[in-house]
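Comments concern the structure below.
The values are calculated or read from the model by the stated rules, or taken from the named source; none is laboratory data. All figures in this text were calculated on a predicted structure; none of them were measured in a lab. Neighbour counts are summed over all protein chains in view; Cβ atoms, including those assigned to glycine, are modelled from backbone coordinates with ideal geometry. Side chains included, ligands, DNA and RNA excluded: accessible areas come from the protein's heavy atoms. Shrake-Rupley method; radii C 1.70, N 1.55, O 1.52, S 1.80 Å.
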Amino acid sequence: MYGENAPPSWAQLPGARCRAVQHLTKLEGLQEFELLSGLDEGFFQALALAAEVLEIGAGTPLYREGEPSGAVYFVREGRVKLFRSFSGRKPRDQILGVLGDGAVLGLDAALEGRPQSHGATALTDCALYAVFRDDLTGIMCRFPEASLRLSRALASRIRELEDLVSDLVFHSAPQRVARMLLRLATEEGRVTKQGVVFEPSLSRQEMAEATGISREALSRALSRLAQEGILDLEGRTITILKPAELRART
């Protein structure tokens with residue numbers, strides 16, 4: 001039914017469950033995506049008919065590197081990390097990005113018809129709309145404006161990966177840590193009298209992977225910023241006490 005693309009791994013995963021919802025509920029949910037705002041009503045009707053609502057818990061793989069590109073995922077709620085794994089004497093992951101509400105995942109591999117070039121794992125509980133590859137490509141052929149919007153999303157993701165490469169090549173480890181903290185604070189933080197407070201969706205190990213350094217090097221960088229009064233560290237919670245000074249470190 002879906003050509004050479006097998007159903008993705010979440011269909012068999014414990015903790016992942018697809019549930020049937022009324023067509024109107026899916027329609028309204030998809031219309032909330034800023035990326036798709038203003039598109040033809042017929043497009044939303046077709047997409048809602050093709051979409052399955054997928055709910056997965058924190059820590060659940062959405063898809064794995066190398067598996068068939070069976071579906072494209074529209075993130076309604078939650079945060080997902082994208083990463084590549086490297087084997088060798090010291091296996092490690094390189095986080096390629098953390099995406100949240102309104103993001104589209106798996107589009108590149110689906111359009112190419114090739115295996116996934118990276119893995120995706122839920123950092124928090126997530127609600128997504130899953131659309132099988134053949135269904136989505138058929139809808140894109142019928143609605144050229146929607147196809148253009150999704151192409152722009154893909155181009156934006158490519159630009160983010162270029163920025164990541166630039167960050168790893170041209171910025172020092174302390175600079176990368178500062179930039180990551182500011183990015184997480186913008187996406188996940190809340191402003192208080194004390195400063196910008198957030199509990200990162202990334203673990204300390206994942207924060208190290210996101211910046212291309214070891215866990216030990218990350219701990220040293222965070223401790224140094226805390227000693228200088230720029231950060232306050234309390235368990236998993238991070239408070240940026242002096243955002244301007246942290247920004248100057250980037």
Worksheet item: Can you find a residue in region 80-95 that is within 16 Å of Tyr129 (Cβ to Cβ), modelled with pLDDT of 95 or more and not assigned by the TED database to the domain that holds Arg204?
Response: yes
Discussion item. Of all residues being of a type in the set (Lys, Arg) and surrounded by fewer than 20 Cβ atoms within 10 Å (Cβ to Cβ) in region 77-116, which is farthest from Ile56 (Cα to Cα)? Just the residue, please.
Written reply: Arg89
Response to the item:
Taking region 185-241 and the residues there that are within 20 Å of His171 (Cβ to Cβ) and touching a residue at least 60 places away in the same chain (Cβ under 8 Å), the one that is surrounded by the most Cβ atoms within 10 Å (Cβ to Cβ) would be Ala210
Discussion item. I'd like to know if region 143-157 contains one or more residues that are at pLDDT 95 or above and assigned to a loop (DSSP other than H, G, I, E, B).
Written reply: yes
Worksheet item: Any residue at all in region 28-44 that is surrounded by fewer than 20 Cβ atoms within 10 Å (Cβ to Cβ), of a type in the set (Ser, Thr, Tyr) and in the same structural domain as Thr137 (by the TED database)?
Response: yes
Worksheet item: Val169: out of contact with any Phe, Trp or Tyr (no Cβ under 6 Å at 6 or more places or on another chain), at pLDDT below 95, surrounded by fewer than 16 Cβ atoms within 10 Å (Cβ to Cβ) and under 16 Å from Thr250 (Cβ atoms), yes or no?
Response: yes
Fill in: Set Gln205, Gln227: member being closer than 22 Å to Val98 by Cα and polar (S, T, N, Q)
Gln205
Worksheet, complete the sentence: Being of a type in the set (Gly, Ala, Ser) and under 22 Å from Lys81 (Cβ atoms) narrows Ala217, Ala244, Ala226 down to just Ala217
Discussion item. Need pairs with beta-carbon distance below 8 Å; first residue at negative phi and within region 134-163, second open to solvent by 40 Å² or more (accessible area, probe 1.4 Å) and among the aromatic types (Phe, Trp, Tyr); sequence gap 6+ or separate chains.
Written reply: Asp134/Tyr2
